[in-house]
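This report concerns only the one structure given below.
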Amino acid sequence: VERQPGFHPDSRYGGSMLSALSAFEEAFEIKGEVGRLIDVATQATLLAPDLQVNMKICDTINGNPKEGSKDAARCLRRKLKHKSGRVVQLAVTVLEAVMQNCGPDLHAAIATKEFMGDVSALVLNVNMDMAVHRKVVTLVQNWGEGFRHMQDKVPLFFETYANLRAQGVRFPEYDAGSAPMYSLRQQPRPQVRAERTPAYNQQRNDGPRAVSQQQQQAPASVPTAATRRPERAAEAPIFDTARLLEDLEHVTVEATLLCDILDAATQSGGGGGAPPPQGGPGGP
C-alpha cells in the first residue's frame, strides 16, 4: 500500500495535525477541575504558594481518585517542564502537597517511568535554582525512603532514589522522625472551609465548572499522619518560636528596668525617707 504523502510526519499537513492534537490535549486538560486548579496554583505572578488552592487540589483528587490522579500527573508533568522557574517551583510545591495528602492512586500515577524521568532531569539539571533543586532532592529522598517497603507496588520511587545516588547526587542526612508519612489507603481529607482567593475566583469565572456529587457528599474524616502538616498550615496559625523568644527577652528587660526604678524610688523615700534602723548612725 502506497503511503499517503499528506500523513507523513515531516509534511506540512502532518505537522499541523500534530500541533492541533497537542493544542486539543492541552485545552482538554485545562477544562478539568484538577487541571484548572493546578493552573491557578502555579501562576507565575504568585508571590507565594496558595495553600488553600493546594488543599483544594487534594480534595478534588480524593473525590475522584482514579481520574483525578491521572489528570494531576499529566498537568504537573507539563508544569515541571515549564520555561518559567517560578512555575516549576510552585509545581514542586503542589507535587509535595498531593503526595502527602492523596492515596495510592495518586502515588501510582506519579511513580511512572515518564514522571520520575522528569523528576530525575530536574535533579540533574545544573542550571536549576538552588532552592528548587534542594526541594526536589529532598522529595526524591523522602519518596525513596518512605516507599522503600512498598517496592512491590511502586518500585520507581526507590529505584529513582538509588539510581541518582549511584550517579553521585548528594542527599542530605535522612531523618525518619521528621520525614512525612504517606497514606496507604484512599481516604478523603477533611474539607478546608476557607474563603476563595481572588485568583481562584477569577479562574473559576472563566468557564463552567463541574463538581462531582461524590465530592460534595464526602464525609469528613479524621486527619491522618499524611495530612497532618498541610492541614496545620492551612487551618491553624504557625507560631514563630524565635520571634516569641525575642519578645519575651524584651519583656524581661523592661520588667527588670521597672523593678530598678521602683527600688530607687523606695530608697529615696520621695523626700520623707524611711526611718533608719535603731542604733544606726542616723538615730536620734
Practice problem: Return the sequence-ordered ³J(HN,Hα) values of the range 167-177 in whole Hz as given by the Karplus equation 6.51 cos²θ - 1.76 cosθ + 1.60 applied to θ = phi - 60°, using x for Gly and Pro. | Solution: 7, x, 6, 8, 10, x, 5, 7, 10, 5, x
Self-check item: Per-residue HN-Hα couplings for the range 143-157 [Karplus 6.51, -1.76, 1.60; θ = phi - 60°; Hz; x = Gly/Pro]
Solution: 5, x, 6, x, 9, 4, 7, 10, 5, 6, 9, 10, x, 6, 5
Exercise. Could you sort out which of LYS56/LYS153; LYS83/LYS113; LYS113/LYS153; LYS56/LYS113; LYS66/LYS153; LYS81/LYS153 sit more than 19 Å apart by Cα distance in this structure?
Key: LYS56/LYS153; LYS83/LYS113; LYS56/LYS113; LYS81/LYS153
Practice problem: Using DSSP to define loop residues, name the trypsin sites (Lys or Arg not before Pro) in the range 65-173 whose beta-carbon has at most 16 other beta-carbon atoms within 10 Å. | Solution: LYS81, LYS83, LYS153, ARG170
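We did not get these values from a lab; they are worked out from the coordinates using the rules stated. Every value quoted in this text rests on a predicted model; they were computed, and no experiment measured them. Note that we place each Cβ from the backbone using ideal geometry, even for glycine, and neighbour counts take in every protein chain shown.
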